[in-house]
Amino acid sequence: MNMRALLAIVLGGCAVAGLATAGGHAGDAKTEASIDLTTAEGLKQIGGEWRYIEARIVEVEAKTKDGTVVMTHDITPHAGGVDFDDSAWATLSTDDIHHAIGGGKLSFAWFRIAITVPEKVGEVSTDGAAVLLEVTIDDYAEVWVEGKLPRTLGQAGGTMVKGFNCPNRVLLSEKAKPGQVFRVAVFGANGPMSDPPGNYVWLRNASLKVCRDAGGACKPD
């Protein structure tokens, strides 16, 4: 069974985009390529590493719409900010890239990485190319880029939750420059949340896609 067929089974109803590798797209090795960000070689290419921490639910004071003070819930830390200090977090080893985080049930985790655009990916120059991040968290994810979480009414995917174990596809730049840095924070949630499972939050896969032509593997959600 090839990798595309396997991913189609794993991701179920999620749309599976073209799978390019560092050697390029099957149709044109000079226009599309990608880096696997779950391998030591891939992380070396972008000069980054995955850091992670379990996010906790905490009780906080808030107000109802009519101004009544009540206790409700929040998460900690709020780690989407561009300057958030994650230096004390654990590093996700590529030897254990699917490391299970937390105790399962209703649980959450943050993953952070700084991506530096390399000059080339395989034979493909990144100068002026579209660059897209594709990441899948078991089970749901939201993706912050440069301290921002843009969203629109009715949005599914991109920076917002795409679906159960579905990949989030976020366009980092339409015209990237070598050396450009993107600081990414991914918030992952265990699910289904109304029926919390006994498994855990973990990074399923991640890749950086580079395209010289519009669309293709760099078409965002």
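Here are the numbers:
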read-out	value
Karplus-derived HN-Hα couplings along the stretch 158-174 (A = 6.51, B = -1.76, C = 1.60, θ = phi - 60°), whole Hz, x at Gly and Pro	x, 7, 9, 4, 8, x, 5, 6, 9, x, 8, 10, 10, 6, 7, 7, 7
Within straight-line cross-link reach of Lys148, aspartates and glutamates at Cα separation under 14 Å, skipping those fewer than 8 residues along the same chain	Asp83
GNM flexibility winner over the chain from Gly179, Gly163, Gly198 (Cα, springs under 10 Å)	Gly198
Pairwise label distance in nanometres, Asp96 with Leu149, each label 7 Å out on the Cα-Cβ vector	2.8
Added length on full extension, which subtracts the Cα-Cα distance from 0.36 nm per residue, Met71 to Lys177	33.5 nm
Size of charge dipole - the chain - debye, nearest 20, with Cβ of Lys, Arg +1 and Asp, Glu -1, no other charges	440
Gyration tensor verdict on the chain (Cα atoms; rounded if a/c is under 1.5, prolate if a/b is larger than b/c, oblate otherwise)	prolate
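Read-outs: derived from the displayed coordinates by stated rules, not from any lab. Note that the structure is predicted; figures quoted are calculated from it, not measured. Reconstructed Cβ throughout: ideal geometry from the backbone, glycine too, with neighbour counts over all protein chains shown.
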